[in-house]
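Worksheet: the structure to be examined is printed underneath.
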Amino acid sequence: MVELGQEVGGLLDRLGVDRALWSEGSMPSVTPLTGEQIGMVQVVEAATIDEVLDSASAAFRAWRNVPAPRRGELVRLWGEELRAAKDDLAKLVTIEAGKIPSEGAGEVQEMIDICDFAVGLSRQLYGLTIATERPGHRMMEVWHPLGVVGVISAFNFPVAVWAWNAALALVCGNSVVWKPSEKTPLAALATQAIFARALARFGDAPEGLARLLIGGREAGEALVDDRRVALVSATGSTRMGRAVAPRLAQRFARAILELGGNNGVIVAPSADLDLALRGVAFGAMGTAGQRCTTTRRLFLHDSIYDGFVAKLKTAYGSVGVGNPLESEVLVGPLIDRAAYEMMQDALAAAKAAGGVVHGGERVGDGASFYARPALVEMPGQVGPVLEETFAPILYVMRYYDLDAVIEQHNDVAAGLSSAIFTTDMREAERFLAASDCGIANVNLGTSGAEIGGAFGGEKETGGGRESGSDSWKAYMRRATNTVNYSDALPLAQGVSFEI
């Protein structure tokens, strides 16, 4: 087998990434598949950050005057370049983020899909005509580009999250500055190179329209604190959101926060149990539990608890765990040692709270960190069940009454994704009406959102929305315009002011 470092070099060459950017720097890129170093990436200097933001500001001033359908043409070309590069970029995502190949390919497909969505959107940035109480007047709302959009992304979706934001921001008339995770810089460099090819084909885009800041915390802080950045879309932990939100609020900047998710699933007595088993298994074990939408809490009705848990134990004990490049496995590695240690700490806390742990042990040794997914039977929603651990841990609890379990389901700090498995229409509708999450599903799991719907959650998930539906409005500013085409000046609400 070709060493991963060599394979990555070949991928980056084909994707058009300058070798100096990934082989002559100071930031190591380490693959979680083996723990070996696969690149040394150049880190942005403080002076360069200022230049990047200056160029992005200038690019915005030019780009906002380009007609929206023409802006959509750039995104269309970007989608074409992504289609051509899909296999190579997907494999790079697998190597650098540790995803199984189908998930790596699925992430790039998300990028392609959001490009398609944004191209159509470029001809649909509609405002409203609003009824006015004043004769001879017309009132309307108009949407205008916002400014420089900063994007801070996490390792678990190293390329798709940037695309969700960038595709919409660009067709809305904004420029974009991206600070990727320090754990996945090579995927970011490759994505930027693909976008550069679309820019070259487009021909007349302003310089600085989409820039990349590879670095540590200081690069992210620059986006958060600089008045030239009108909006920051930040994906990461709730702890990160607590640091970012007040700093943005202090300068009255906008925020799209996509933070933690302690996602729950209820399986009712009427459920199709085979369907539920598949939905829960993917939701809990996919991406090695490292999705913000990962299923972390499972509520089983007492009448089906024992049989369903027995099937889950079988699935957890037999699922393939290992290097996804070497075998047909469904669960790849945790991103690093720290993630594995957090998983073990959570399992220890669960045992201390009365939980019975099945699985969770390390698989293999060396510099990579593979772990068998853990199924934990808990006496109630206590201890670590109330917190999000970014690892494949599923806490299982009994319930007896639907209304009571919905209240229990909602009784956590995060509010991202939720689901119920039931064939009872009344149960389904009661759940959808009561779930306090941004995503609520019936008869499918918590993971696997499509780009057509707005993605995001409530409470400590941050309240942000990305991707589809009318999420584009977050990247624009709204103006209400009133035109008086009469020769009188009536005032609203019947106010009289004659001089």
Mean separation of Cα contacts under 8 Å, 6 or more apart, over the residue count of the chain: relative contact order %: 18 percent
Residue-normalised value, i.e. accessible area per residue, for the stretch 1-102 at 1.4 Å probe, in Å², stands at 44 Å²
Bounding extents of the stretch 258-331 in its principal axis frame from Cα atoms, largest first in Å, are 41, 33, 15
Separation of the stretch 250-306 and the stretch 325-349 by C-alpha centroid, Å? 18 Å
Putting +1 on Lys and Arg Cβ atoms and -1 on Asp and Glu Cβ atoms, find which of Leu347, Gly307, Ala234 reaches farthest to the positive end of the dipole of the chain. Ala234
As straight-line cross-link partners of Lys351, the qualifying aspartates and glutamates (C-alpha separation under 19 Å, not fewer than 8 residues apart within one chain) are Glu341, Glu361, Glu377, Glu387, Glu388
About the Cα centre of the stretch 1-49, how large is the charge dipole given +1 on each Lys and Arg Cβ and -1 on each Asp and Glu Cβ? Please answer in debye to the nearest 20. 80 debye
Taking the reciprocal of mean 1/r across every pair of different Cα atoms in the stretch 397-436, the Kirkwood radius in Å is 10.7 Å
By the mean-Cβ-within-10 Å protection proxy, highest first, 258-264, 279-285 rank as 258-264, 279-285
Shape descriptor, the stretch 229-270: equivalent ellipsoid semi-axes (Cα gyration tensor, sqrt 5λ, whole Å, largest first) stand at 32, 10, 7
What number do you get for the chain when its Cα radius of gyration is normalised by 2.2 N^0.38 Å, N = residues? 1.05
Rel. contact order, % - alpha carbon contacts under 8 angstrom, at least six apart, the stretch 44-196: 31 percent
First measure r as the distance between the Cβ atoms of Asn443 and Arg239, then evaluate 1/(1 + (r/R0)^6) with R0 = 22 Å and state the FRET efficiency to the nearest 0.05. 0.05
Pick out, from Gln290, Tyr399, Ser467, the residue whose Cα sits farthest towards the positive end of the charge dipole of the chain, with +1 on the Cβ of Lys and Arg and -1 on the Cβ of Asp and Glu. Ser467
By the gyration tensor of its Cα atoms, with a ≥ b ≥ c the square roots of the eigenvalues, what is the shape of the stretch 119-162: rounded for a/c under 1.5, prolate for a/b over b/c, or oblate? prolate
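Would you mind getting the Kirkwood hydrodynamic radius of the stretch 357-408 from its Cα pairs, rounded to one decimal in Å? Provide the component values of the computation, followed by the final result.
Details: mean 1/r = 0.0777 Å⁻¹.
Kirkwood radius, the stretch 357-408: 12.9 Å.
For the stretch 287-383, report the convex hull volume of the alpha-carbon atoms normalised per residue, in Å³, without decimals.
110 Å³
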Extension gain from Asn410 to Met140, taking 0.36 nm per residue of separation minus the Cα-Cα distance: 93.3 nm
Charges on Cβ only, +1 for Lys and Arg, -1 for Asp and Glu, centred on the Cα centroid of the chain; of Tyr485, Ile95, Val176, which one is farthest towards the dipole's positive end? Tyr485
Any chance you could list the semi-axes, whole Å, largest first, of the equivalent ellipsoid that the Cα gyration tensor gives for the stretch 8-153, using √(5λ)? 40, 21, 13
Let me check against my output: what whole-number percent is the relative contact order of the stretch 402-471, with C-alpha pairs under 8 Å and at least 6 apart? 31 percent
Summing -39500 (n - 2.57) over the DSSP H runs of n ≥ 4 in the chain and dividing by its residue number, what mean residue ellipticity at 222 nm do you reach, to the nearest 500 deg cm²/dmol? -13000 deg cm²/dmol
Given Cβ point charges of +1 (Lys, Arg) and -1 (Asp, Glu) and nothing else, what value in debye, to the nearest 20, does the dipole of the stretch 384-498 about its Cα centre take? 320 debye
Dipole in debye (nearest 20) - the stretch 118-232, about Cα centre, beta carbon charges: Lys, Arg +1; Asp, Glu -1: 240 debye
Just add up the charged neighbours of Val161: K/R +1, D/E -1, any other residue whose Cβ is under 11 Å from the Cβ of Val161. -4
Taking only protein heavy atoms and a 1.4 Å probe, what accessible area per residue, in Å², does the stretch 141-241 have with all protein chains in place? 26 Å²
Report the FRET efficiency, 1/(1 + (r/R0)^6), for Tyr400 and Ala348, where r is their Cβ-Cβ distance and R0 is 35 Å, rounded to 0.05. 0.75
As a test of understanding, state the convex hull volume per residue of the stretch 448-499 from its alpha carbons, in Å³. 168 Å³
Starting from the residue with the highest accessible area, list Arg426, Arg217 in decreasing order, probe 1.4 Å. Arg426, Arg217
With a Förster radius of 41 Å, plug the Cβ-Cβ distance of Gln109 and Ser486 into 1/(1 + (r/R0)^6) and report the FRET value to the nearest 0.05. 0.15
Accessible area per residue, 1.4 Å probe, Å², for the stretch 248-303: what's the number? 30 Å²
Hits for the chain under the membrane-span-like helix rule (DSSP H, Cα axial span at least 24 Å, Kyte-Doolittle mean at least -1.0) are 46-63, 68-97, 101-121, 185-202
Peptides 167-175, 245-253, 222-230, 40-48 ordered by average Cβ neighbours within 10 Å, highest first: 167-175, 222-230, 40-48, 245-253
Run through all the Cα pairs of the stretch 339-434 and give the fraction in each 10 Å bin from 0, expressed as whole percent. 14, 40, 29, 14, 3, 0
Spread of Cα-to-Cα distances over 5 Å intervals beginning at zero, given as percent, for the stretch 220-354: 2, 8, 13, 15, 15, 13, 12, 9, 6, 5, 2, 0
Here, Arg19 and Ser102, labelled 7 Å along Cα→Cβ, have an inter-label distance in nm of 3.7 nm
Leaving ligands, DNA and RNA out of it, report the carbon-plus-sulfur percent of the accessible area of the chain at a 1.4 Å probe. 52 percent
Mind checking Rg over Rh on the stretch 307-351, alpha carbons, Kirkwood formula for Rh? 1.07
Rounded accessible area of Met425 (nearest 10 Å², 1.4 Å probe): 140 Å²
Over all distinct alpha-carbon pairs, what is the Kirkwood Rh of the stretch 51-104 in angstrom? 13.7 Å
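Would you tally the net charge around Ala187, using a Cβ to Cβ cut-off of less than 10 Å, leaving Ala187 out, and scoring K and R as +1, D and E as -1?
Neighbour charge sum, excluding Ala187 itself: -1.
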Could you tell me what percent of the DSSP beta bridges with both partners in the chain are antiparallel, to the nearest 5? 40 percent
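With N denoting the number of residues in the stretch 366-499, provide Rg(C-alpha) divided by 2.2 N^0.38 Å, to two decimal places. Mind showing how you got there, number by number?
Working: Rg = 23.7 Å, N = 134, 2.2 N^0.38 = 14.1 Å.
Here the answer is 1.68, to two decimals.
The values are calculated or read from the model by the stated rules, or taken from the named source; none is laboratory data. Bear in mind that the values here come from a model prediction, so they are computed numbers and not experimental data. Backbone-built Cβ (ideal geometry, glycine too); neighbour counts: all protein chains shown. Ligands, DNA and RNA are stripped out before the accessible areas are found, and what is left, the full protein with its side chains, is counted by its heavy atoms. Shrake-Rupley method; radii C 1.70, N 1.55, O 1.52, S 1.80 Å.
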